[in-house]
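**Q** This structure is in structure tokens; I'll ask about it shortly.
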Amino acid sequence: MERKEQFLTAMLQQLSPPRGGKNKRIKLSCWAKEWLEGVRLRVKESSYVKYCNLLQNHILPELGEWTADQLTTGAIERFVQQKLEHGRKDGTGGLSEKTVKDILNTLKEVCLYAANWDLEIPCHFEQIKIRRRDGEVRILTRQKQLELAQFLVSDNSLTKLGILLSLYMGLRLGEVCALQRGCISYHEGVLSVRSTMQRIQNLKEEEPKRKKKTRIIITEPKSSSSVRDIPIPPFLLKRLEPLKDLPENAYVLTGSESRFIEPRTLENILKRYLQECELEGVNYHVLRHTFATRCIEDGFDVKSLSEILGHASVNITLNRYVHSSLEQKRKHMEKVGEEIRRS
């Protein structure tokens, strides 16, 4: 953490080198510092922390001393490939595609900002493609989903209720943790998603001797499309009925205005529940995957599902979250050759 503080302080205290002319010898670390200062005013705090980490851990250690003319398409392609194959700091392999995409997008924004320094970057970022490695995404079978659901409705636990909201309404982990009673309209039978909870690193320069390395923040959802109203299934609306008289600011997971359950804690609670149900290899996001897949199997139109999930486009819903189950594939294959059996 001290290294991160020193990194941030150094970046904010450096003086900008003189401009003028197309000085291709200016190092990337110089204009990256100024870009980071400017972006801090435009993005959420969690995004700013992410940019700081990507710059410190991945971009500047390897590219910080590079000059503008060295940032060619081929050089950045090799940098990206190295991150995919050997990017983990512990030496155990490559970074995830999402992390590498975040690195590349951040580097692209930093390089676009170089125009403010009268610099021309030779890299054509649009030519750099990160191939998607489609691994098998886990979803619960209908039988396993039913077994988990029966366990979750076995008592009036609020944490079990919260997990049901993900399994049968597709809410994200942070959205469930931030959900308050006032977001439930009993008259209209609608749940409004207006906030999300996450734990971020504490980078406040004015607290150099702080004890806590991280803190919880509650913000608006990650994008405008994530702000949404979802009709509540009747069985869930009935289970939400006991919360009706709670204060509007009370958290659904605790029934308290002052006490909440953070995402990491809810993940651990789910793990304990899954062990009791003898379900293995399931993480919290599998609930959302399962919800989306079941909806498609049961005839949902993709546009409606996309809006319920809070996606920016239908393609995200189809490509990222909806996966055909083995039962669905078997059902389709059983129809093949029906005319021969009938003859």
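The values are calculated or read from the model by the stated rules, or taken from the named source; none is laboratory data. Please read these numbers as outputs of a predicted model, since none were measured by experiment. Note that we place each Cβ from the backbone using ideal geometry, even for glycine, and neighbour counts take in every protein chain shown. Side chains included, ligands, DNA and RNA excluded: accessible areas come from the protein's heavy atoms. Shrake-Rupley method; radii C 1.70, N 1.55, O 1.52, S 1.80 Å.
**Q** May I ask you to list the residues in the range 273-293 that are touching a residue at least 40 places away in the same chain (Cβ under 8 Å), in a helix (DSSP H, G or I) and of a type outside the set (Gly, Ala, Ser)?
**A** Scanning the range 273-293 gives 273, 274, 276, 284, 285, 286, 287, 288, 289, 290, 291, 293.
**Q** Return yes or no: is residue 174 under 19 Å from the mean Cα position of the chain (by Cα), crowded, with 17+ Cβ neighbours inside 10 Å, closer than 21 Å to residue 296 by Cα and modelled with pLDDT of 95 or more? Before the answer, list the steps.
**A** Values: under 19 Å from the mean Cα position of the chain (by Cα): yes; crowded, with 17+ Cβ neighbours inside 10 Å: yes; closer than 21 Å to residue 296 by Cα: no; modelled with pLDDT of 95 or more: yes.
For residue 174, the condition - under 19 Å from the mean Cα position of the chain (by Cα), crowded, with 17+ Cβ neighbours inside 10 Å, closer than 21 Å to residue 296 by Cα and modelled with pLDDT of 95 or more - is not met.
**Q** How about the range 198-245: which of its residues are in a loop (DSSP other than H, G, I, E, B), at pLDDT 90 or above and open to solvent by 50 Å² or more (accessible area, probe 1.4 Å)?
**A** If the condition is that a residue be in a loop (DSSP other than H, G, I, E, B), at pLDDT 90 or above and open to solvent by 50 Å² or more (accessible area, probe 1.4 Å), then 220, 227, 244, 245 are the ones that fit.
**Q** Between residues in the range 67-79 that are closer than 14 Å to residue 124 by Cβ and residues that are modelled with pLDDT under 95 and among the polar types (S, T, N, Q), which pairs lie under 6 Å by C-beta distance while being six or more apart or on different chains?
**A** That search, which allows pairs on different chains as well, returns 73/127.
**Q** Exactly one condition in (1) at pLDDT below 95; (2) over 16 Å from residue 152 (Cα atoms) is false for residue 278; which is it?
**A** Among (1) at pLDDT below 95; (2) over 16 Å from residue 152 (Cα atoms), residue 278 violates only (2).
**Q** Identify, by number, the condition in (1) closer than 28 Å to residue 198 by Cα; (2) of a type in the set (Ser, Thr, Tyr); (3) over 22 Å from the mean Cα position of the chain (by Cα) that residue 51 doesn't meet.
**A** Unmet for residue 51, out of (1) closer than 28 Å to residue 198 by Cα; (2) of a type in the set (Ser, Thr, Tyr); (3) over 22 Å from the mean Cα position of the chain (by Cα): (3).
**Q** State which residue pairs qualify: first residue farther than 18 Å from residue 39 by Cβ and inside the range 92-120, second residue among the hydroxyl-bearing types (Ser, Thr, Tyr) in any location, beta carbons under 7 Å apart, and separation of 6 or more residues or different chains.
**A** none
**Q** Taking only pairs six or more apart or across chains, which ones have beta-carbon atoms under 7 Å, a first residue in the range 136-162 that is touching a residue at least 24 places away in the same chain (Cβ under 8 Å) and within 16 Å of residue 279 (Cα to Cα), and a second residue that is part of a helix (DSSP H, G or I) and of a type in the set (Lys, Arg)?
**A** Note: pairs meeting the criteria are 152/160.
**Q** Quick one: how many residues across the range 299-314 are out of contact with any strand residue (DSSP E or B) (no Cβ under 8 Å at 6 or more places or on another chain), part of a loop (DSSP other than H, G, I, E, B) and open to solvent by less than 30 Å² (accessible area, probe 1.4 Å)?
**A** Going residue by residue through the range 299-314, those that are out of contact with any strand residue (DSSP E or B) (no Cβ under 8 Å at 6 or more places or on another chain) are 299-306, 309, 311-314.
Subsequent filtering for residues that are part of a loop (DSSP other than H, G, I, E, B) retains 299-301, 311-313.
Within this subset, residues satisfying the condition of being open to solvent by less than 30 Å² (accessible area, probe 1.4 Å) are 311.
So the answer is 1.
**Q** Which of the helices (runs of 4 or more DSSP H) contained wholly in the range 60-155 include at least 2 residues that are within 30 Å of residue 168 (Cα to Cα) and open to solvent by 80 Å² or more (accessible area, probe 1.4 Å)? Quick ask: steps written out before the conclusion?
**A** On the way: elements: 60-63, 73-86, 97-113, 142-152.
So the answer is 142-152.
**Q** Of everything in the range 24-45 that's open to solvent by 20 Å² or more (accessible area, probe 1.4 Å) and among the small types (Gly, Ala, Ser), which residue is farthest from residue 196 (Cα to Cα)?
**A** So in the range 24-45, the residues open to solvent by 20 Å² or more (accessible area, probe 1.4 Å) come out as 24-25, 27, 29-30, 34, 37-38, 40-45.
Going one step further and asking which of them are among the small types (Gly, Ala, Ser), we end up with 29, 38.
Numbers: 29: 33, 38: 25 Å.
Residue satisfying both the conditions and the ranking: 29.
**Q** Okay, next question. Please enumerate the residues belonging to the range 274-293 that are open to solvent by 10 Å² or more (accessible area, probe 1.4 Å) and under 20 Å from the mean Cα position of the chain (by Cα). Give the steps one after another, and end with the answer.
**A** Keep residues of the range 274-293 that are open to solvent by 10 Å² or more (accessible area, probe 1.4 Å), which gives 275-285, 289, 291.
Within the range 274-293, 281, 282, 283, 284, 285, 289, 291 qualify.
**Q** Can you give me the number of residues within the range 156-171 that are small (Gly, Ala, Ser) and open to solvent by 20 Å² or more (accessible area, probe 1.4 Å)? Please lay out each step first, then the result.
**A** Taking the range 156-171 as the starting set, the residues that turn out to be small (Gly, Ala, Ser) are 157, 162, 166, 170.
Still in the running and open to solvent by 20 Å² or more (accessible area, probe 1.4 Å): 157.
Here the count works out to 1.
**Q** Sort out which residues of the range 245-272 are free of Cβ contacts under 8 Å to residues at least 60 places away in the same chain and within 23 Å of residue 187 (Cα to Cα), and write them in order of number. Full working, then the answer.
**A** Let us first name the residues in the range 245-272 that are free of Cβ contacts under 8 Å to residues at least 60 places away in the same chain, namely 245, 256-259, 265, 268, 271-272.
Within the range 245-272, 245, 256, 257 meet the criteria.
**Q** Limited to the range 14-52, what total is found for residues that are at pLDDT below 60 and out of contact with any helix residue (DSSP H, G or I) (no Cβ under 9 Å at 6 or more places or on another chain)?
**A** 4
**Q** Further question on the same structure: So how many residues does the range 251-268 have that are outside any loop (DSSP other than H, G, I, E, B) and surrounded by fewer than 18 Cβ atoms within 10 Å (Cβ to Cβ)?
**A** So the count comes out to 4.
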